[in-house]
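**Q** Can you read through this structure? Questions will come right after.
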Amino acid sequence: MSDWLEARLQDFLMVSVLLGSFVWLIAAGKLIPPPYGEIVGQAGYFIIIFLGIFGIEVAVREYVNSYPYLRVLIRPDNKWINLFLMPPGTTRKIGSNQYATTLDLRFPITLPDYKKVKRIELHHVGPWAKRIKFRRGNATWNGFIVSHPQTEIIEVFQSKRSTTMLDHGETVPIFFLHSASQDYYREHLAAPSEAGAYLAKELEELKAQLAEAERQKLEWHQRAISAEEIIEQQKSEIRGLLEAKSNVKDLAYEYMLTIYQACHSIDKALEMLRGPRFTNWINKYVVALALGILVIAYVWYNPQFGGALYTWLSSPMNQLFVIAFAGILALAIYYMSRRR
């Protein structure tokens, strides 16, 4: 369904523009009071038609112009495909005057016997620049035909063998370039005999298969080297982690002894290691302050108790008792703190 919609995207958009202009014409006549509704409706109708016909084409042209365009004829199926390339392509020499170019596609395509294809390997005899030359022409994108500054038309074929490469589960078709625009300037030999033509074709397929095997060998060799470098790096990191883990105990001893020497007490060292806690600020002074505030508040809200307390403290004997009790309590606290 998606392929059918992509192939007829231009028709779908044109029909949408016509329907939109018609809806605008009716809505303007109903919502805007006459005689302005008819004028606005007709003006908007023509504006929508104009923008839909020319604006969409301009938008598509600006969208695809930055990607080189290849119109490819696949033999012997006589199937045309449209490729928009992600520059720059990678060309590697894989044999005597044999090259392989990786074509990364900006817009994935669907080929027979394949799913969505995002990359194509193109084998060709001679350097890429001597076979391919991009010129100004027309490009086709989802049914839209727009002018394009970089276009080329080529003819390719697939050998019966070695026509597909699997890369991490991704299917990569392999094509062999048969002709391109620059081939017009190349020297052509006389037409061979029928037997010679058959042998030449078989020889060409064998060369193509050998070239593809060489290309895959080089590519996987480079990947193996990269994987070995990554593995060695990971081994070094793992060894470092293991050594650091074995030294944790010694580091903990050293750190604890340093703190002990600074604090002169194991309890204080442990307290420093634990860090500040919520109960550290709740000391005797805070408790005394809180009790004093509570007593003042209680006396304030209960004048009878305050009067009785004042009368009781006015006695010299009671005052001596309170002073003696406070002294004993202070001595006990001091003794306990010194002992700790």
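The values are calculated or read from the model by the stated rules, or taken from the named source; none is laboratory data. All values reported here derive from a predicted model rather than from experimental measurement. Here the Cβ positions follow ideal geometry from the backbone for every residue, glycine too, while neighbour counts run over all protein chains shown.
**Q** Taking into account only those residues within the stretch 81-91 that are surrounded by 14 or more Cβ atoms within 10 Å (Cβ to Cβ) and touching a Phe, Trp or Tyr at 6+ places or on another chain (Cβ under 9 Å), which is nearest to Asp183 (Cα to Cα)? Even if it seems obvious, please write down each step before you answer.
**A** Initial filter on the stretch 81-91 (surrounded by 14 or more Cβ atoms within 10 Å (Cβ to Cβ)): 81-86, 89, 91.
Cutting the leftovers down to touching a Phe, Trp or Tyr at 6+ places or on another chain (Cβ under 9 Å) gives us 82-86, 89, 91.
Numbers: Asn82: 21, Leu83: 20, Phe84: 22, Leu85: 21, Met86: 24, Gly89: 20, Thr91: 18 Å.
Here the answer is Thr91.
**Q** Among the residues in the stretch 271-279, are any surrounded by 11 or more Cβ atoms within 10 Å (Cβ to Cβ), modelled with pLDDT of 70 or more and not in a loop (DSSP other than H, G, I, E, B)?
**A** Quick first cut of the stretch 271-279, residues surrounded by 11 or more Cβ atoms within 10 Å (Cβ to Cβ) only: 271-273.
Cutting the leftovers down to modelled with pLDDT of 70 or more gives us 271.
Then keep just the ones that are not in a loop (DSSP other than H, G, I, E, B); that gives 271.
Yes, the conditions are met somewhere in the stretch 271-279.
**Q** What are the residues in the stretch 143-182 that are at pLDDT 85 or above, under 29 Å from the mean Cα position of the chain (by Cα) and not β-branched (Val, Ile, Thr), if any?
**A** Pro173
**Q** Another question, if that's okay. Output the residues belonging to the stretch 19-32 that are closer than 12 Å to Ile49 by Cα, surrounded by 14 or more Cβ atoms within 10 Å (Cβ to Cβ) and not aromatic (Phe, Trp, Tyr).
**A** Of everything in the stretch 19-32, those that are closer than 12 Å to Ile49 by Cα, surrounded by 14 or more Cβ atoms within 10 Å (Cβ to Cβ) and not aromatic (Phe, Trp, Tyr) turn out to be Gly20, Ser21, Leu25.
**Q** Here's a follow-up. Identify, from the list Ile94, Ile74, Ile48, the residue that is among the β-branched types (Val, Ile, Thr) and over 23 Å from Arg119 (Cβ atoms). Can you show your working first?
**A** Numbers: Ile94 fails: over 23 Å from Arg119 (Cβ atoms); Ile74 fails: over 23 Å from Arg119 (Cβ atoms).
The match here is Ile48.
**Q** What's the number of the condition Lys118 fails, among (1) modelled with pLDDT under 90; (2) surrounded by 14 or more Cβ atoms within 10 Å (Cβ to Cβ); (3) closer than 24 Å to Leu210 by Cβ?
**A** Answer for Lys118: the failing condition is (3).
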